[in-house]
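Following: one structure in structure tokens, then a few remarks.
Read-outs throughout are calculated quantities, based only on the coordinates presented, and are distinct from any laboratory measurement. These numbers were taken from a predicted model, which means no experiment stands behind them. In this analysis, Cβ positions are derived from the backbone assuming ideal geometry, glycine residues included, and neighbour counts consider all displayed protein chains.
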Amino acid sequence: MIKNKGLTIFNTPLISPLLRLLATAGLKLSGWKTVGEAPKLNKYVLIAAPHTSNWDFFPMVSVVLKYKLEVHWIGKHTLFPFPIRWFVRWMGGIPIDRRAARNTVEQVAQAYNRSDKLALVIAPEGTRGKVDNWKAGFYHIATSVNVPIQATFVDSRTKTTGFGPLFHPTGDYEKDLSEIRAFYADKVGIRPELT
């Protein structure tokens, strides 16, 4: 069972505002620009691409903090061991048990259905390595609970990070994916050779 309750890095009093200031200053001092409008929705799937390095984490988390979003991400339950379980959850992590009878999409759909507010960040490549095809989980989650897909990105070439268009899945995966991928076509990851 997935739970997404409690304080996270994105909503902890005193700490989150301080981190927001540091993130905004860090982006500015390192020459990164933010663009686009943050979603004003209670429920959506946020896709983060291109994902080519662990260093993608810093501009992406910084933009989420700057725009005061509360987001979560899913990970295998084995990433949440005692004694660091509290910290990984505080970072927005939601453990999923892949051994469970229900598949990941079903488990995440239940979390959306139980929540008044849930934004889930997913890297559609599913890895930091170069891939030709994205994993479809983000799309199946969005269509199963009827929420939009918000594009977010890093572009190391222009040192830009932020929000792209909001996509409303039609149920035609190939057509929708083609539109989503078109937005990312000119974006370059932190490690350009893996984009």
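What is the extension gain from Lys159 to Ile84, computed as 0.36 nm multiplied by their sequence separation minus the C-alpha to C-alpha distance, in nm to one decimal?
23.7 nm
The phi torsions of region 110-119, fed into the Karplus equation with coefficients 6.51, -1.76 and 1.60 and a -60° offset, translate into couplings of 4, 4, 5, 5, 8, 9, 7, 9, 7, 10 Hz, rounded to whole numbers, with Gly and Pro shown as x.
The length gained by stretching the chain between Phe183 and Val131 to full extension, at 0.36 nm per residue less their Cα-Cα distance, is 17.0 nm. Distance between the pseudo-spin-label points of Leu22 and Lys117 (7 Å out from Cα toward the beta carbon): 2.3 nm. Quick one: grab the alpha carbon gyration tensor of region 26-75, order the square roots of its eigenvalues as a ≥ b ≥ c, and give me rounded if a/c is under 1.5, else prolate or oblate depending on whether a/b is larger than b/c. Oblate, because a/c is 1.5 or more while a/b does not exceed b/c.
For Leu46, the residues whose modelled amide H falls within less than 5 Å of its own, excluding neighbours fewer than 5 places apart on the same chain, are Leu120, Val121, Ile122, Gln150.
Using a cut-off of 20 Å between Cα atoms, the listed pairs Lys40/Lys130; Lys33/Lys130; Lys28/Lys66; Lys117/Lys159; Lys135/Lys159; Lys40/Lys68 include Lys40/Lys130; Lys33/Lys130; Lys117/Lys159; Lys135/Lys159 as exceeding that distance. Which value in deg cm²/dmol, rounded to the nearest 500, describes the helix-derived mean residue ellipticity at 222 nm for the chain, given -39,500 (n - 2.57) per DSSP H run of n ≥ 4 and division by the residue count? Value at 222 nm, helices only, nearest 500: -9500 deg cm²/dmol.
When peptides 175-182, 92-99 are ranked by their average number of other Cβ atoms within 10 Å per residue, the highest-first order is 92-99, 175-182. From most to least packed by mean Cβ count within 10 Å, the peptides 9-22, 113-126 give 113-126, 9-22.
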